[in-house]
Amino acid sequence: MQYKTYGVIEVSSYGVSLEIYEISRKNGIKQIDYIRYPLELGKDSYVHGKIRQPMTEELCRLISDFVVKMKGYQVDDYKAVATSAIREAVNSRLVLNLIKQRTGVSVQVYSNSELRFIGYKAIASNQADFEKIIQKGTAIVDVGAGSIQVSLFDKDNLISTQNIVFGNLRIRERLAALRRETNHYETLVSEMIAAEVTSYKKIHLKDRKIPHVILTGDFLSDFLAHNPTSELRDTMSKDEYMAWYEKIVHMPPLELAEKMGIAAEYATLLVPTAILYKIFVEELGAELIWIPGMELSDGVAYEYAEKNKLIKPSHNFENDILMAARNIGKRYAISKSHITTMNQAALVIFDSMRKVHGLGRRHRLLLEIAVHLHDCGKYISLAHVADCSYNIIMSTEIIGLSHRERQIIALIVRANTQKLGHYDDEYRMIGISGEDYILVAKLTAILRLANALDRTHQQKIEEIRAVLQERRLVIRLTTKKDYTLEMGLLEDKKDFFEEVFDVRPEIRLKKLV
């Protein structure tokens, strides 16, 4: 039986862990070892703004131990990842460089949207339960150290995902002094995030009721892993969760630590975590609560298995990214009919040019997202669409995309109507590599051409086909309407397309009577 042994090192806000997995086509993903050490990197990052030297020294020591452990297991491959504690530290690059220098391990720091998406994959890897539960209105409430992510699903579709910058560790540190002075700590937490919760409900929830809520987060997963006898179960009713909540919310940290068999530092995080979950359970109108107990490492292992074709994908995750982009476009009142026509044209052109552009499936997804968001800036200004669209995209989290990918999309959208500048003029200064600059140029050329084919937003095209013939891209359009204006305004788009690909688009019309 073919299998791989895979290791995941996770540097989180609460600790450092190593998980060893055995992955095979027959048995799927099986955890065979798990080691975790508490290390509150998040406290350093959120309070002091940086990871201080003692923490860095301990982090390097632990990772070195993990390297030895993985050698003992003879792992076929491994990945080291870090979350917000490293990401938000001002000295993150120095810390990452020191880890590499001391241990030989390169740590990938996930953006928030990547982090939440990987965590979501971990949940979805429990295929039967996940696919069943999201058939009704469902929210994933992911409480982290620095923030909360709330993702809404309806009938297997991701409707929206939003980040609120109030996590359990961040709240604990900000309210530490006040906790000793009050008997109503839960009220302070509720008041602290009330404005954000109200805004979230008004914009994203409105009158929608969400009967199913999935509670997740690194701290919760770690707590459950170390407390198998906890009253928190995989599936609970709202009343059952509230009964557990009332038992622990007023308990002093030391008493809670003794009762739960956890470190005192962990006990100080359990109560704010429980309060945050309780707030969202109530506000969403939840009836059924699912606590899968999955960790970020499980999602990393799932991605590795998926990429290496060791398992069959359990869910269409790319469609979730695209649905999130569509709903962002909807928020900014984009023209749905224009987007549909333009998207069809863009994908036909992309697919027909594969031999020339050499791009892959992920780049095709970036193009689709750019199509859906290319006009979002009109919501703010008809005179400055390009710049407004760029700023909206750069300010909006799109789950599953890295910061780099979001920046590429924003640059493509801006270049749709603005001149694509030379590389040294701007792109190098904002950290865009020469390779990514070429990618922006290629996808911009396709976006401009596709947009121009429906220039009047009247959806005149009945059918579109394209075929590459040496240095010509022959695009055959079938239409019932007069296409004179579109043909007249295509020349500069053809010129740019040819400049990028050395291929000249040639439009051939078939007029239906």
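The values are calculated or read from the model by the stated rules, or taken from the named source; none is laboratory data. Note that the structure is a prediction, hence the values are computed from the model and not measured. All Cβ positions, even for glycine, are placed from backbone atoms using ideal geometry, and neighbour counts span all protein chains on display. Just so you know, the surface numbers come from the protein's heavy atoms only, side chains and all, with ligands and any DNA or RNA stripped out. Shrake-Rupley method; radii C 1.70, N 1.55, O 1.52, S 1.80 Å.
Between Ser24 and Leu512, the distance separating the two model label sites (each 7 Å from Cα on the Cα→Cβ line) works out to 5.5 nm. Remark on Lys136: its backbone amide H falls under 5 Å from those of Lys155, a criterion applied only to residues 5 or more positions apart or on other chains, H modelled at 1.01 Å from N. Relative to the dominant Cα principal axis of the chain, helix 385-395 is inclined by about 20°. Around the amide H of Ala80, modelled in the peptide plane, lie the amide H atoms of Ile9, Gln108, all under 5 Å away and 5 or more residues distant in sequence or on another chain.
Comparing Val281, Ala410, Ile35 along the charge dipole axis of the chain, the residue lying farthest to the positive side is Ala410, per the Cβ-charge model.
Scalar couplings 3J(HN,Hα) for the range 411-427, obtained by applying the Karplus form with A = 6.51, B = -1.76, C = 1.60 to θ = phi - 60°, are 5, 4, 4, 5, 6, 4, 10, 10, 5, 7, x, 6, 4, 6, 5, 9, 5 Hz; x denotes Gly and Pro.
An ellipsoid equivalent to the chain, defined through the eigenvalues of its Cα gyration tensor, has semi-axes of 45, 26, 22 Å when rounded to whole angstrom and sorted largest first. In this structure the chain gives 45 Å² per residue of accessible area when probed at 1.4 Å with all protein chains present. Counted residue by residue at 0.36 nm each, then reduced by the alpha carbon distance between them, the extension gain from Gln108 to Gln418 reaches 108.2 nm. Listed values for the range 189-199 are Karplus-derived 3J(HN,Hα) couplings in whole Hz (6.51 cos²θ - 1.76 cosθ + 1.60, θ = phi - 60°), namely 4, 4, 5, 5, 10, 4, 5, 5, 5, 4, 5, and x replaces Gly and Pro.
Scanning the chain for trypsin sites (Lys or Arg not before Pro) lying in DSSP loops with no more than 11 further Cβ atoms inside 10 Å, the longest uninterrupted stretch between such sites is 27-154. Each residue of the range 241-250 is assigned a 3J(HN,Hα), and the resulting list reads 5, 5, 5, 5, 4, 5, 5, 10, 5, 9 Hz, derived from the Karplus form 6.51 cos²θ - 1.76 cosθ + 1.60 (θ = phi - 60°), x at Gly and Pro. His384 sits with roughly 110 Å² accessible to a 1.4 Å probe, with DNA, RNA and ligands left out of the calculation. When the solvent-accessible area of the chain is split by element, carbon and sulfur atoms take up 48 percent of it, the probe being 1.4 Å.
From helices alone, the chain scores -15000 deg cm²/dmol at 222 nm; the rule is -39500 (n - 2.57) for each run of n ≥ 4 DSSP H residues, then divide by the residue total.
Principal-axis analysis of the Cα atoms of the chain puts helix 434-453 at an angle of about 60° to the longest axis. Mind giving me the FRET efficiency for Ser190 and Asn97? R0 is 30 Å, r the Cβ-Cβ distance, nearest 0.05 is fine. Using R0 = 30 Å, I get an efficiency of 0.15.
Overall, the range 70-109 carries a charge dipole of about 140 debye about its Cα centre when +1 sits on the Cβ of Lys and Arg and -1 on the Cβ of Asp and Glu, all other atoms neutral. Seen against the Cα atoms of the chain and their longest principal axis, helix 112-124 is set at about 80 degrees. Taking the square roots of five times each eigenvalue of the Cα gyration tensor of the range 318-404, the equivalent ellipsoid has semi-axes of 22, 15, 12 Å, listed largest first. Taking amide H as placed 1.01 Å from N in the peptide plane, Asn416 has no amide H partner under 5 Å among residues 5 or more places away or on another chain.
Set against the 2.2 N^0.38 Å expectation for a compact globular protein, the range 181-279 has a Cα radius of gyration ratio of 1.16.
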